[in-house]
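A short write-up of the structure that comes next.
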Amino acid sequence: MIWVILLFANGTAVLLFNQTLTGSVYDLALPAPPLSAPLVLNNGTPVPAVLNGSVLEVPVLGTALITVEYVPKVEAAGGILSFNVSDGLYLIWAQGGVLLLPALKVLNYTRAGGALLLVAQGPGTVAYTLQGTAVATSATQTYTSQTPGQPSTYTQPAPPPGLQTSASQRPSASGSPSAAWPLWLAVAAAVAVVAAVAALLLRPGRRGPPGLNDTDRLVLSFVERSGGAYESDIARSLGLPRTTVFKSVRRLEQAGLVSVEKRDGRNFVTPR
């Protein structure tokens, strides 16, 4: 299961889920508490959904493309905005300011124009500042990570002033994501994030023999970065069918890139 986190220069944070699901009602766990009721689309049509604690009960009725968008509850202290996210895989697009990930495990990162793209694994805290605040006057964008083997900080030039949004365009107190960022633009941005990160992770010849397909390389990248995971967790984190992950792991095992062992009756995959 993959969530996209969009962080805009005006301080707006939007969490976006966009995936084809099958069933009658799907229980979708929200990674962070919502500020207001999430917007849910079934094949592009708004549908009602029931929020039960941290779980959103989404009507699917067969197979449909489900899109969920919402603004998380954000805390502000010392010029820093922050919110916690649960266990899972996240694609983070940060437009400007300073980005701090004190607990999230950063799996990969790249740059795209004036934005920073990250693949990170929760649980943890997403903390950031508005572009142009005192914390970000160095005109750089920074993230910190506690992941072994990853740089402790990463900086890049902040977007030019033309990318900043005026105060009148900041989100309203109602917390409606569409008031600050139209849904179709959010979906387009999310698609761009996924495409850019996929290009980074699945770059031909990046890992493994040339016979591996894109899914194999994605699974291998996840296993290498996480240090090992159950097949079911790989499928859930990457949003892939379990049968697809099972076949991919078998190919990786035959290629000598991963090892599989039984733990409590489940397949645990570790990199070799």
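The values are calculated or read from the model by the stated rules, or taken from the named source; none is laboratory data. All values reported here derive from a predicted model rather than from experimental measurement. With ideal geometry, Cβ positions are generated from the backbone for all residues, glycine too; neighbour counts draw on all protein chains shown.
Out of all the residues in the stretch 73-88, is one or more charged (D, E, K, R), under 27 Å from Ala112 (Cα atoms) and buried (at least 19 other Cβ atoms within 10 Å of the Cβ)?
Looking for residues that are charged (D, E, K, R), under 27 Å from Ala112 (Cα atoms) and buried (at least 19 other Cβ atoms within 10 Å of the Cβ), one finds none in the stretch 73-88, hence no.
Go through the stretch 1-102 and tell me which strands (runs of 3 or more DSSP E), entirely inside it, have 1 or more residues that are more than 19 Å from the chain's Cα centre (by Cα) and either assigned by TED's automatic domain parsing to the domain that holds Ala115 or at pLDDT 95 or above (or both).
Of the strands (runs of 3 or more DSSP E) lying wholly inside the stretch 1-102, those with at least 1 residues that are more than 19 Å from the chain's Cα centre (by Cα) and either assigned by TED's automatic domain parsing to the domain that holds Ala115 or at pLDDT 95 or above (or both) span 13-29, 39-42, 50-52, 55-70, 75-77, 80-94.
Being under 30 Å from Thr67 (Cβ atoms), in contact with a strand residue (DSSP E or B) (Cβ under 6 Å, 6 or more places away or on another chain) and assigned to a helix (DSSP H, G or I) is the requirement here; does Val223 meet it?
yes
Determine the pairs where a residue that is free of Cβ contacts under 8 Å to residues at least 40 places away in the same chain and over 28 Å from Val219 (Cα atoms), located within the stretch 71-95, has a partner that is of a type in the set (Gly, Ala, Ser) and not in a loop (DSSP other than H, G, I, E, B) with Cβ atoms under 9 Å apart, the partner being 6 or more residues away or on another chain.
Partner pairs satisfying both residue conditions: Glu75/Ser82; Ala76/Ser82.
So how many residues does the stretch 226-248 have that are part of a helix (DSSP H, G or I) and either within 17 Å of Arg272 (Cβ to Cβ) or among the polar types (S, T, N, Q) (or both)?
Qualifying residue count for the region: 8.
Out of curiosity, is Asn42 crowded, with 20+ Cβ neighbours inside 10 Å, out of contact with any Gly (no Cβ under 6 Å at 6 or more places or on another chain) and farther than 26 Å from Ala229 by Cβ?
When the stated conditions are applied, Asn42 does not pass them.
Would it be correct to say that Leu7 is in contact with a strand residue (DSSP E or B) (Cβ under 8 Å, 6 or more places away or on another chain), buried (at least 19 other Cβ atoms within 10 Å of the Cβ) and either farther than 18 Å from Leu91 by Cα or free of Cβ contacts under 8 Å to residues at least 40 places away in the same chain (or both)?
No; evaluated as a whole, the condition is false for this residue.
Filter the stretch 14-33 down to residues that are under 22 Å from Gln121 (Cβ atoms) and free of Cβ contacts under 8 Å to residues at least 40 places away in the same chain, then give me how many there are.
Selection size over the stretch 14-33: 1.
Which numbered condition in (1) at positive phi; (2) in contact with a helix residue (DSSP H, G or I) (Cβ under 7 Å, 6 or more places away or on another chain) is the only one that Val71 fails?
All conditions pass for Val71, except number (1).
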